[in-house]
Structure formats: structure tokens, C-alpha cells
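What follows is one structure encoded as C-alpha cells, with my remarks underneath.
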Amino acid sequence: MPAEIFTNLLEILIFGTSLASILSLISIGYSLVYGVGKIINLTHGMFYFLTGYLIFAFTQYLGLTLFVGAILSLIIITVIGMLTYLTLIKPFHESEVMVLIATFALGYLIFNFVLLLENLIQKNVIPGLVFLPQFIPGKITIPGSEAQFTYYNLFVMLTSFAIITLVYLFIRYSRFGKAVRAVSQDQDAAKLMGINIDRVLIFAVTLSAFLAGVAAFLYVPLEPMHMATGWDILLLSMSVVILGGMGSILGTVIGAFVLSFSVKFCEYFINPLVGFPLSSIFHLIIIILMLIIRPRGILGKKERV
């Protein structure tokens, strides 16, 4: 095998796994919200976007340290997630169309709030990239190749999968996690068993916002944000959960890996004039194909569709 191809394959494995870990973290929250309450939350991508921007603003404009800014931003986005359920989702829960309209409106409001704030601060009609520093320095070169990745990449992967494992164990084995699973299977039966449906749903939406916020804190240092990032993240989350199966944590992780490796393969092995545009729309192709071939996804159940 030529050295260049070997190096490319190693980098696809490394950076594909790094992207998959973040997509899993973001998409598990989205999948959980749909699996529990059949709620399609169009604000989900903006949870990621707003957290990244708040950390950036706190550190660049207010002079706070990265970790203080991150803690404040995660608290804010978690509260926003909770309020999103109480004010927009709960009142319209019986109407999927109204939930779609309300959450899209909130996402659009957040987008324009950030745009307005940046315009006022920077006096610039087109804000630049939002970036955060990598707080773990150093690089690793894989022996026998020219493939390199940073210690921060490794930190992102390990931290993401540790959080995903904790969420999975909590949902699988804790008492409240069993209530969440019961609601996802049959809300009426869960209500008869004395389970507080509102409590479970507000937990799911709040957790999804928190996980998206954590993903932003981890990944923005690797992939700076632009103004369309929130909508891109929303579409990527949809693609992952449709591929893996709505409501399935394991399916979501599998979907994230399949999508991430496919995207990286396009970037590395297809002519850049075609590969990069194709990688940016590949998840949309996945959505269309899966909806035609297997609407419930890889591990999704029929009743969840």
C-alpha cells in the first residue's frame, strides 16, 4: 500500500472518529427527545451554536477564562433548553406542526440575536468565524506514517465517549432512566403506572440542550463556527438519527460513525472540486435514501417512526 494512501486512511480513522464522537454527543439528545416525546426540536442546532458563541463572547469580549465562560454558557443553554420545553413545546405538544413552527422560530430568533450582537460589537455586517483555543497542546505522529493528530483530538474523543457511556448507563439502569424508557414505549401506559410524563419530557429536552452545549465546548476549538453552523448541526443531527434509528442510543452512535467516515472519505479520496461539496451534502443524501429504503433506520423500531 502506498505511504500516502496509508497515511490518508489513518487520518480518516482518526478524524472520522473525532467527528463521530461529537456527532454522537449532539445527536443522542436529539434522538432522545424524539424517542421519548415524538418531538422534532428545530432549535437543537442552535443550542450548539449559541453555546459556542457565548463561550467566545465571554472570553473575547468580557475577558473571562475559558472554563468560567464554558460553565456559565452551559448553565445558560441548559436553562434555555428547559424554558424551550415549558414555553414552546409543552403548550403545543399535541400539535406536531405547531411544535415545528415554534422551535424553528426560536432557532431563527437565536440566530438573529447573535447576528445583531456581533454587528453591534464588531460594527461589521458579516461576522467572522467564532473560534476557541485548544487548551491541551501537543501533537502525536503515528509511527510508520506521516499521519498526525493533536492531544486535544484524543481528549475530545475520550471525553465524548465517556459522556455517551454515562448517558447510556443512566437511561439503561437508573430508576429514572427506566421511567424514560417506559414513556418512550407507551406514554399512556406510563401515565397509568404513575410516571410523571412532563418531568420525563422536560428532562429529555434539557439534557439534549446540555449535551449539544458540551459538544460545542469540545469541538469548536477543532472546527470554528460560522453563522450557518447551527442549521448545519441540525441537519447533521437529523441525518444521524434517521440513519441510526430514532430513539436508539446505540443506533445513533452507529449512524454517527457511518456518516463521519463517509464524509471524511469524500474529503480525502475524491477530487476536492467534487469531494468537499459532496461531503457537505452527503448527510442530505443519507436522509433521502434511508427514508426510502428503511424509514426506521438501522436500529429503530417501527413504532418510533
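What follows is calculated from the coordinates using simple rules that are stated; it is not laboratory data. If you're wondering where the values come from, they're calculated on a predicted model, not measured in any experiment. Virtual Cβ from ideal backbone geometry, glycine too; neighbours counted across all protein chains shown.
Backbone geometry of segment 85-100 corresponds, through the Karplus equation with coefficients 6.51, -1.76 and 1.60 at θ = phi - 60°, to 3J(HN,Hα) couplings of 5, 5, 9, 10, 8, 4, x, 10, 4, 6, 10, 4, 5, 5, 5, 4 Hz, x marking Gly and Pro. From the Cα gyration tensor of segment 228-300, with a ≥ b ≥ c the square roots of its eigenvalues, which class applies: rounded if a/c is under 1.5, or else prolate if a/b is larger than b/c, or else oblate? Prolate. Pairs of Cα atoms nearer than 8 Å and 6+ residues apart set the relative contact order; for the chain it is 34 percent.
When you count the other C-beta atoms within 10 angstrom of each residue and take the mean per peptide, 33-45, 162-174 line up highest first as 33-45, 162-174. Pairwise Cα distances in segment 177-305 exceed 18 Å for 63 percent of all pairs. How big is D, in µm² s⁻¹, for segment 133-182 by Stokes-Einstein at 10 °C and 1.306 mPa s if Rh is the Kirkwood radius over C-alpha pairs? Using the Kirkwood radius from Cα pairs, D works out to 119 µm²/s.
The peptide list 219-228, 93-102, put in order of mean Cβ contacts within 10 Å with the highest first, becomes 219-228, 93-102. Using θ = phi - 60° in the Karplus curve 6.51 cos²θ - 1.76 cosθ + 1.60, the 3J(HN,Hα) couplings for segment 11-26 round to 5, 4, 4, 5, 6, x, 5, 4, 5, 5, 5, 6, 4, 4, 4, 5 Hz; x is entered for Gly and Pro. Roughly how many Å is it from the Cα centre of segment 1-78 to that of segment 178-195, as a whole number? Computed from Cα coordinates, the inter-centre distance equals 30 Å. Rounded to the nearest 20 debye, the dipole magnitude of the chain is 840 debye, with +1 charges on Lys and Arg beta carbons, -1 on Asp and Glu beta carbons, and the Cα centre as origin. For the peptides 208-217, 103-112, the ranking by packing is 208-217, 103-112, with the highest mean count of neighbouring Cβ atoms within 10 Å listed first.
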